[in-house]
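The values are calculated or read from the model by the stated rules, or taken from the named source; none is laboratory data. Owing to the predicted nature of the structure, the values given are computational and were not obtained by experimental measurement. Cβ placement follows ideal geometry from the backbone for every residue including glycine, while neighbour counts extend to all protein chains displayed. To get the accessible areas, we keep the full protein, side chains included, count just its heavy atoms, and leave off ligands, DNA and RNA. Shrake-Rupley method; radii C 1.70, N 1.55, O 1.52, S 1.80 Å.
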Amino acid sequence: MILQSRAIWASKGNLIADGAVRVRGERIAEVGARGDMAPEAGEPVVDLGDSIIFPAFVNAHCHLDYSGLAGELAPGTSFAGWLAQIVSIKQSLKHDDYEAAWLAGADMLLSTGCGTVANIESVPGMYARMAPQTPLQVCPFIELIAYHSEDETAAIDLAQNELMANESLALKVGVSPHAPYTMTPEGLNALAMFADENLLPMSIHLAESDDEWDMFVDGAGPLYDTMSSLGRVMGDCGKGTPVQHLAKAAGFSKKTLVVHANRLINADIEMLQRVGADVVHCPRSHAWFGHANFDCDRLAKAGVNICIGTDSLASTGGETAVMGLNMFAEMQELSRNHPKLPCEDLLQMATANGATALGLGDEIGLLKEGLIANMAVIPYSDSVSSVPEAIVQHSCPVAMLMIEGKRAFSGIDSIVD
């Protein structure tokens with residue numbers, strides 16, 4: 001099958017006017033100019049007219065099962081206060097609530113052009129039940145918490161069980177020690193070793209808040225008090241930044257996705273570069289909590305791979321919650337705070353960089369021969385030179401989303417239909 005369109009944004013620096021994509025089965029067979037791609041005998045040709053084809057988004061961090069919490073929480077006076085709110089609300093949720101939210105979140109991502117998502121799975125066993133119910137490529141990262149030494153073995157066992165249950169179902173499986181403040185140093189090291197032994201990516205919330213900073217740098221603050229009251233041994237606090245703490249615990253794996261990284265010093269950025277960590281920025285969540293400006297420039301200058309995630313609807317409010325999980329909205333928020341950032345860089349963060357962070361750079365995130373045919377389509381009739389800006393600023397559902405060479409979503413007035 002050949003798809004033709006007014007323009008194709010295949011990757012950064014590769015914009016094709018009057019382009020075409022040939023799809024064979026689940027893979028892309030060819031990308032180029034329409035005039036250079038003659039159909040083979042009996043090959044279907046679909047002219048999408050005034051439209052842009054671009055790689056489906058790769059959402060590098062999400063909590064699908066919190067999609068029912070939009071507008072239910074407030075940023076509060078501290079991050080620890082927000083954590084208390086979400087823990088309280090979760091106590092009233094049932095398995096059916098989590099499953100309904102998980103599927104609703106998946107639908108939100110499909111309608112807004114996302115083909116692949118790294119999802120933090122807080123309910124063991126749920127991914128295996130839910131994955132067959134959506135065409136979205138969900139990469140499950142089982143969330144692990146062990147702030148008592150006696151919980152460390154159970155965390156490793158859970159990671160092993162989820163790996164065995166999910167590996168055959170997913171494009172990529174990972175592990176997610178929740179955060180340094182909810183893990184012992186020994187647990188962080190054990191999970192990093194587990195990830196490396198099994199060739200898995202690891203995702204961790206790190207340097208997320210001022211409260212986390214105060215806990216590890218000063219040995220004080222609301223989060224310190226909360227975790228101490230829960231019986232966490234606090235002897236590892238007051239000795240360095242959260243990034244330094246993870247490094248001292250030998251808690252970086254060979255493939256670590258550092259989620260948020262909202263507060264960093266120069267030494268932290270040097271450490272992230274040295275260990276080859278990827279940073280996942282969640283722009284709307286960052287704005288909702290009122291964090292200081294994200295260190296995009298310093299991280300990029302250091303050569304750190306930066307990608308984009310949506311986080312969850314538990315950390316958005318007001319009009320942003322109405323948008324749902326939406327990678328377009330995340331790029332727009334990042335652009336508002338970093339207006340000099342080129343649209344092509346934003347698009348790369350939302351596509352190829354996310355694929356690289358997941359270890360899937362040779363499978364998704366680009367429109368290129370041999371890669372999985374994950375692509376989105378939006379209407380467009382303006383100048384081809386403005387295509388990157390048009391994609392970033394798109395505000396409606398996509399006209400079509402293709403995942404693994406099959407249509408996964410069509411808009412109500414889809415140009416494909």
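Per the conditions (1) hydrophobic (A, V, I, L, M, F, W, C); (2) assigned to a strand (DSSP E or B); (3) open to solvent by less than 60 Å² (accessible area, probe 1.4 Å), the sole criterion not satisfied by Leu15 is (3).
If you go through region 71-102 and pick out every residue that is assigned to a helix (DSSP H, G or I) and either without any contact (Cβ under 8 Å) to a residue 12 or more places away in the chain or farther than 22 Å from Glu121 by Cβ (or both), you end up with 8.
Regarding region 181-197, can at least one residue be identified that is out of contact with any strand residue (DSSP E or B) (no Cβ under 9 Å at 6 or more places or on another chain), farther than 24 Å from Leu360 by Cβ and polar (S, T, N, Q)? Yes, region 181-197 has at least one match. Evaluated against (1) farther than 28 Å from Met400 by Cβ; (2) in contact with a helix residue (DSSP H, G or I) (Cβ under 6 Å, 6 or more places away or on another chain); (3) of a type outside the set (Asp, Glu), Ala154 falls short on exactly one condition, (2). Exactly one residue out of Gly231, Gly251 is over 22 Å from Leu64 (Cα atoms) and open to solvent by 10 Å² or more (accessible area, probe 1.4 Å): that is Gly231. Looking only at region 131-169, residues that are buried (at least 20 other Cβ atoms within 10 Å of the Cβ), part of a helix (DSSP H, G or I) and either among the charged types (D, E, K, R) or touching a residue at least 60 places away in the same chain (Cβ under 8 Å) (or both) come to 2 in all.
Counting only helices (runs of 4 or more DSSP H) that sit wholly inside region 297-392, those with at least 2 residues that are more than 21 Å from Gly405 (Cα to Cα) and open to solvent by 30 Å² or more (accessible area, probe 1.4 Å) are 319-323, 327-337, 343-350. Residue-level analysis places Leu334 among those that are modelled with pLDDT of 95 or more and either among the aromatic types (Phe, Trp, Tyr) or within 28 Å of Trp288 (Cα to Cα) (or both). Within region 103-114, the set of residues being open to solvent by less than 20 Å² (accessible area, probe 1.4 Å) and either within 16 Å of Met331 (Cα to Cα) or in contact with a Gly (Cβ under 9 Å, 6 or more places away or on another chain) (or both) comprises Gly105, Leu109, Thr112, Gly113, Cys114. Exactly one residue out of Pro242, Pro201, Pro222 is touching a residue at least 12 places away in the same chain (Cβ under 8 Å), under 30 Å from Ala131 (Cα atoms) and of a type outside the set (A, V, I, L, M, F, W, C): that is Pro201. On the given criteria, is His245 closer than 18 Å to Val217 by Cα and crowded, with 17+ Cβ neighbours inside 10 Å? So His245 passes the test.
Annotation note: Cβ proximity below 7 Å between a residue of region 334-347 that is in contact (Cβ under 8 Å) with a residue 12 or more places away in the chain and a residue that is among the acidic types (Asp, Glu) and outside any helix (DSSP H, G or I) (sequence gap 6+ or interchain) occurs for no pair. Among the residues of region 20-38, those identified as outside any loop (DSSP other than H, G, I, E, B), of a type outside the set (A, V, I, L, M, F, W, C) and closer than 19 Å to Arg407 by Cβ are Arg22, Arg24, Arg27.
For region 186-253, the helices (runs of 4 or more DSSP H) that sit wholly inside it and include 2 or more residues that are polar (S, T, N, Q), modelled with pLDDT of 95 or more and on the phi < 0 side of the Ramachandran plot are 222-229.
Kindly indicate whether any position in region 50-63 is in a strand (DSSP E or B), closer than 16 Å to Cys282 by Cα and of a type in the set (Val, Ile, Thr). Yes, because at least one residue in region 50-63 is in a strand (DSSP E or B), closer than 16 Å to Cys282 by Cα and of a type in the set (Val, Ile, Thr). Per the listing Gly71, Gly32, the residue uniquely more than 26 Å from Pro135 (Cβ to Cβ) and open to solvent by 30 Å² or more (accessible area, probe 1.4 Å) is Gly71. Contact annotation: residue pairs with Cβ atoms under 8 Å, 6 or more positions apart or on different chains, pairing a residue in region 293-316 that is in contact (Cβ under 8 Å) with a residue 60 or more places away in the chain with a partner that is aromatic (Phe, Trp, Tyr) and open to solvent by 10 Å² or more (accessible area, probe 1.4 Å), are Ser312/Tyr66; Leu313/Tyr66; Ala314/Tyr66; Ser315/Trp82; Ser315/Trp288; Ser315/Phe289; Thr316/Trp288. Of all residue pairs spaced 6 or more apart or on separate chains, those with beta-carbon atoms under 6 Å, a first member in region 369-391 that is at pLDDT 95 or above and a second member that is polar (S, T, N, Q) are Val377/Ser51; Pro379/Ser51; Tyr380/Ser51.
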